[in-house]
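Working notes, beginning with the structure itself.
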Amino acid sequence: ISVLFPTLLLLFLALFPGAFDCCTKISKEIPRRILRRVNRFEIQEADGPCHLEAVILYVRGKKLCVNPWIREVRKLMKKIKHKIHKSKPHVRKQRRVRITKKEEENS
């Protein structure tokens, strides 16, 4: 039994890696001051290993589980998605070279 339990535990962890990262409780309210500090979010669906629909908000490395039907949370999700889609990859601008009258005459 002492060998069987750790083996079964490792097998379970291999088959369901996200099982222990699921939200088990969700908050029905969230203060606006916290919503302003959200870095990113994930959507937890009720299917699969997690049996609760939730939005996981990441604030300064902490994970908050909230009700996905809160109006402010839905607005935040749209805002963050819009910000992600609007952002462009960083392109290095070329340095502009000024052509002086002397250089034009020499060309």
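A short reminder: the numbers here are calculations on the coordinates, not readings from a lab. No experiment lies behind these values; they were computed from the predicted model shown. Don't worry about glycine lacking a Cβ; one is built from the backbone with ideal geometry, like all the others, and counts go over all protein chains shown.
Using the Cβ-Cβ distance between GLU53 and THR24 with R0 set to 22 Å, the FRET efficiency from 1/(1 + (r/R0)^6) comes to roughly 0.95. Segment ARG74..THR7, full-extension length gain: 19.9 nm, with 0.36 nm per residue of separation and the alpha-carbon distance subtracted. Backbone amide hydrogens, once placed in the peptide plane, bring ILE26 within less than 5 Å of nothing, excluding anything fewer than 5 places away on its chain.
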